[in-house]
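Written out below as structure tokens is the structure these notes cover.
The values are calculated or read from the model by the stated rules, or taken from the named source; none is laboratory data. Remember, predicted model here, so these are calculated numbers, not experimental data. As a convention, Cβ positions derive from the backbone with ideal geometry for all residues, glycine included, and neighbour counts pool all protein chains shown. Side chains included, ligands, DNA and RNA excluded: accessible areas come from the protein's heavy atoms. Shrake-Rupley method; radii C 1.70, N 1.55, O 1.52, S 1.80 Å.
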Amino acid sequence: MGFVRFLLSRILIYILVIWVGITTIFFIPRLMPSDPVEAMLGRVMSQGAFMEPEQVQALRQSLIASFGLEGTLGQQYVGFLKRVLLTGDFGPSLAMFPTPVMDLIRKAIPWSLFLLLSSAIIAWVIGNVIGLLSGYYRHKVYSRILEAIAVTIYPIPYYILALILIILFVYIKPIFPLSFSVQGKFPSLQFIVSTVYNSILPALSIVIAGSGWWVLSMKALSSSISEEDFVRFAKLKGVGEGKIMGQYVLRNAILPQITMLALVLGGVFNGALITEILFAYPGLGTLIYTAVLQADYNLLMGTISLSIIAVATATFLVDLLYPFFDPRIRYR
């Protein structure tokens, strides 16, 4: 009974979070000063196409219907919810008209998943291993050196690291390309090799920036837990250092890190906006940038809605799985 009540409450919160997020992302673009229909018409006219006033008006009405801008704001909102919730259809993209938004998202998702999932997990593993060692052996010299490096790296934004890497490995020592360019077709070996090769610099910037936080947080947690009575007692009983560090310290320190990892993985669907722009990476971050730049309502709503659902789902799953990681936690 306790689990059923817990599950229902979490499902309710999950639905509310998604509803509030999608509602917000529906209204925010409509506060922007630009009009996507007039922008589209202006683009058509700028290409030298001559149209009679009646044709322009007919095209305007067609675009208003395509972008879901017919009727009052309330009618647009109800139509948007029906369309999105029932069919997952965000309509056509203005920037890449008439390609549907979902087609663009489907093409971009694998690239963002490949780059950000692998980078996030690598940064998490490296950061936690280093943080655990430096926290458990906190009185050692190398522990303080590692902490100093992490403190130095942590405040640096990932896009600044990306710029530094570009200067070092594109201009000074040209090892990697500046722009993302894949050779061959999926799933050929040439395609895989060129994808990995082109992804090294953007991934490296994210891994380095992400590792700093994981090192500091794990070091703080493991240092604190190492001072607990049960750890001292285990040492007095002669339990091995490896077992104490792995089963006593790590097991208790890893829970908050798993929670944070789940939120980071949920945020993967945001894309790494500036990194993707810097390296011309074809992911969701580039799509969001295009949507904002060209006032593409549908594309903006599609990409941000996906991010909201991903983060809410990650949080929901962590809530459900937490007792499996820590038996002391019970569903209530």
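When the test is whether a residue is at pLDDT below 80 and exposed (fewer than 14 other Cβ atoms within 10 Å of the Cβ), residue 86 passes it. With respect to the conditions (1) buried (at least 17 other Cβ atoms within 10 Å of the Cβ); (2) on the phi > 0 side of the Ramachandran plot, residue 184 falls short on a single one, namely (1). Residues of region 269-299 that are under 19 Å from residue 111 (Cβ atoms), hydrophobic (A, V, I, L, M, F, W, C) and open to solvent by less than 40 Å² (accessible area, probe 1.4 Å): 272, 279, 284, 287, 288, 291, 299.
For region 157-166, enumerate the residues that are farther than 11 Å from residue 201 by Cα and aliphatic (A, V, I, L, M). Of everything in region 157-166, just one residue is farther than 11 Å from residue 201 by Cα and aliphatic (A, V, I, L, M), namely 160.
When we screen 237, 243 for residues that are out of contact with any Phe, Trp or Tyr (no Cβ under 8 Å at 6 or more places or on another chain) and closer than 16 Å to residue 137 by Cβ, the only hit is 243. Residues that are open to solvent by 70 Å² or more (accessible area, probe 1.4 Å), of a type in the set (A, V, I, L, M, F, W, C) and within 30 Å of residue 182 (Cα to Cα) do occur in region 100-114, at least one of them.
Within region 80-100, residues that are under 24 Å from residue 20 (Cα atoms) and touching a residue at least 12 places away in the same chain (Cβ under 8 Å) sit with their Cβ atoms under 7 Å from residues that are hydrophobic (A, V, I, L, M, F, W, C) and not in a helix (DSSP H, G or I), at 6+ positions apart or across chains, in these pairs: 84/90; 91/67.
Scanning region 115-144 for residues that are among the hydroxyl-bearing types (Ser, Thr, Tyr), open to solvent by less than 20 Å² (accessible area, probe 1.4 Å) and under 23 Å from the mean Cα position of the chain (by Cα) gives a single hit, 119.
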